[in-house]
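The values are calculated or read from the model by the stated rules, or taken from the named source; none is laboratory data. Keep in mind it's a predicted model, so treat the numbers as computed, not measured. Cβ: placed from backbone, ideal geometry, glycine included. Neighbour counts: every protein chain shown. What goes into the accessible areas is simple: the full protein's heavy atoms, side chains included, and nothing from ligands, DNA or RNA. Shrake-Rupley method; radii C 1.70, N 1.55, O 1.52, S 1.80 Å.
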Amino acid sequence: TPLSMEIDGLPSDFDDWAFALAARTIACLTPAEHPEAFWQPVLDRGAPAHEWVERFFWHWFTDGLGTALSAVEFVRMWRSMILYALEHSAWDPGGMISHDLDGIVVELLCLDMRWNAIVRTEDNAQIVGALEDIFERALQRWGSRPKIISGLVIFATQPGAWQLLVPALRWTTIAVRNFDTYDWRYGLEDNVIEFLHTCWQQEGARIARDETLRTLFLALLTILVSRGSHAAIALSARVVGSL
């Protein structure tokens, strides 16, 4: 099947059971036991089999996390998965059906809020924060897609991802500069405004004194104000008043 063609059908109940078992098993393996031998074949299917790849990650971030040897080991394997996908042709944004690729990237990066237990507690903040470099690469490759940015800005406001909040400000501002009216559908605008509120609430003092961050923040806020967002206009008045 050509990489650009979707595979028909949906995962069966057996597939679901197998993915749950695989996720629990992979998370218990040590590096010497080569867990990649179990997850690489799933990621190899890429966007054409997006329903199956997405289903695997549903179980990875729930069943897998629940049986992991530690959060550190879980994130280490997760990092390996992201690195693998970044280099794989079946995850190439240049040759994939947009919707199909969006779905698997959202799941790969844990941007689906249904399965984000790893970032629901601040206990994991340092471990998740260590993924900044790999998220940087991921957003360079896939950040032009509105659905991914919409997921990112909610992900970055979670307690366990707070170290990625300020980096996400940079990634988001760069991405949305090229978005058109069509791209702002499906809740993206509301999510970005909520993200900006959180940035200002948690890092306002840092943003105010750092010229680069202040420029990024105001640029993103200005884009939303120009779209006529009442929430953005209110936030802008508050920010300008404090500056």
Looking only at region 147-155, decide whether some residue is of a type outside the set (Val, Ile, Thr), touching a residue at least 40 places away in the same chain (Cβ under 8 Å) and over 23 Å from Ile207 (Cβ atoms). yes
Going by the conditions given, is Glu87 free of Cβ contacts under 8 Å to residues at least 24 places away in the same chain and either at positive phi or surrounded by fewer than 22 Cβ atoms within 10 Å (Cβ to Cβ) (or both)? yes
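Can you tell me which of Gln158, Gln163 is in contact (Cβ under 8 Å) with a residue 40 or more places away in the chain and over 17 Å from Ile233 (Cα atoms)?
On inspection, the qualifying residue turns out to be Gln158.
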Could we say that Ser226 is open to solvent by 20 Å² or more (accessible area, probe 1.4 Å), out of contact with any helix residue (DSSP H, G or I) (no Cβ under 7 Å at 6 or more places or on another chain), at pLDDT below 95 and of a type in the set (S, T, N, Q) here? yes
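Condition test on Phe74, is it under 19 Å from Leu29 (Cα atoms) and assigned to a helix (DSSP H, G or I)?
Details: under 19 Å from Leu29 (Cα atoms): yes; assigned to a helix (DSSP H, G or I): yes.
It is true that Phe74 is under 19 Å from Leu29 (Cα atoms) and assigned to a helix (DSSP H, G or I).
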So, in region 99-126, exactly how many residues are open to solvent by 20 Å² or more (accessible area, probe 1.4 Å), of a type outside the set (Phe, Trp, Tyr), outside any loop (DSSP other than H, G, I, E, B) and under 21 Å from His59 (Cβ atoms)? 4
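Please find, among Gly95, Gly66, the residue that is in a helix (DSSP H, G or I) and in contact with a helix residue (DSSP H, G or I) (Cβ under 9 Å, 6 or more places away or on another chain).
After ruling out the rest, the residue left standing is Gly66.
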In region 30-67, anything of a type in the set (A, V, I, L, M, F, W, C), at pLDDT 95 or above and open to solvent by less than 50 Å² (accessible area, probe 1.4 Å) is listed as Trp39, Val42, Leu43, Val53, Phe56, Phe57, Trp60, Phe61, Leu65
Looking at (1) touching a Cys at 6+ places or on another chain (Cβ under 7 Å); (2) more than 23 Å from Ala117 (Cα to Cα); (3) polar (S, T, N, Q), find the lone condition where Ser12 falls short. (1)
